[in-house]
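Comments concern the structure below.
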Ligand code: SF4
């Protein structure tokens, strides 16, 4: 499977005229490059650019350098991360910053195996960082890249071995030697031009080499797997007089086991539960889980075992924004 010889050249020339101004895109010689790229790559995992920008700026205000971040602690980093979700990323970011400063002399390792030993860095982020920092000829394969390559070949992405495709075409893909820019250009091109639903084919400067554009039999979009919804009952113990909620780390939501949350159980939807007041039913996404939630509450004076009291205003622990939202809802009850 051969990609067109001029594909990288044309995508780069589009990028040179159309790239967005993003705060982590600093000059290649900038001393801030490593920190800005590590920070932004962690934040951009599963999150859109427009959501990330304000968080990126807040982090720079609080930690202007990689070293200042590495000297911080989990509570502070999680507080600043609040609302961005997928909190494991924040903990991995902090751990990675400490390792880079203390074990790698503030430098990114050269080879992918060592880069992937850093917490929270897999193939995608590892390859992206390797290209951004070392200008290594590699491609970070994400949904955007898969779409651009599979459309240009008019083949179903499921039927393409992308590592093999890149290997076969590496001479042409990397001939500009602008490897860092090309990784970024491909992602940007996939996000802004070769979009998932309505590709802007008539504005596209690779349309003349695109088999999807030229073909009468265009490949169909790949259907993404739907994440299965899980049913949960959530139980909130509230001290109404002191405006406090009892939270626990023994809450049955394994992937958030380090955080304080209300008690909960995975259950069939069942609105009536003895001794509990039903508040509402709603859908929520926490990390990559979709939850169908029945929310229950009771007003108490004593906290249950293995719980601690928390108020919205004063606490040193990080509380996920989801917990804060439901607490505020229950406090509105007269
Ligand atoms: S012509 Fe259309 S399908 Fe082909 S690469 Fe450009 S935007 Fe994507």
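A few points about this structure:
- Condition check for residue 220: exposed (fewer than 15 other Cβ atoms within 10 Å of the Cβ), farther than 30 Å from residue 35 by Cα and more than 16 Å from the ligand (Cβ to nearest atom): no
- When each of 220, 242, 198, 177 is tested for being free of Cβ contacts under 8 Å to residues at least 12 places away in the same chain and part of a loop (DSSP other than H, G, I, E, B), the lone residue that passes is 198.
- Of the helices (runs of 4 or more DSSP H) contained entirely in region 88-159, those carrying at least 1 residues that are within 16 Å of the ligand (Cβ to nearest atom) fall at 143-153.
- The set of residues from region 176-188 being within 16 Å of the ligand (Cβ to nearest atom) and under 19 Å from the mean Cα position of the chain (by Cα) comprises 186, 187, 188.
- Restricting region 192-210 to residues that are within 6 Å of the ligand (Cβ to nearest atom) and over 12 Å from residue 149 (Cα atoms), the residue that is surrounded by the most Cβ atoms within 10 Å (Cβ to Cβ) is 204.
- The residues of region 156-165 that are under 12 Å from residue 212 (Cβ atoms) and either modelled with pLDDT of 95 or more or in contact with a helix residue (DSSP H, G or I) (Cβ under 6 Å, 6 or more places away or on another chain) (or both) amount to a single one, 157.
- Filtering 144, 102, 135, 127 for residues that are at pLDDT 95 or above and closer than 25 Å to residue 51 by Cβ leaves a single hit, 127.
- The set of residues in region 30-80 being surrounded by fewer than 16 Cβ atoms within 10 Å (Cβ to Cβ), under 21 Å from residue 180 (Cα atoms) and over 19 Å from the mean Cα position of the chain (by Cα) consists of 30, 31, 32.
- Among the residues of region 166-175, those that are out of contact with any helix residue (DSSP H, G or I) (no Cβ under 6 Å at 6 or more places or on another chain) and either closer than 26 Å to residue 17 by Cβ or within 15 Å of the ligand (Cβ to nearest atom) (or both) comprise 166, 169, 170, 171, 172, 174, 175.
- Condition met for residue 212 (over 30 Å from residue 310 (Cβ atoms) and either at pLDDT below 90 or more than 22 Å from the chain's Cα centre (by Cα) (or both)): yes
- Count - residues of region 134-175 that are under 21 Å from the mean Cα position of the chain (by Cα) and more than 24 Å from residue 41 (Cα to Cα): 0
The values are calculated or read from the model by the stated rules, or taken from the named source; none is laboratory data. All values derive from a computational prediction rather than experimental measurement. Note that we place each Cβ from the backbone using ideal geometry, even for glycine, and neighbour counts take in every protein chain shown.
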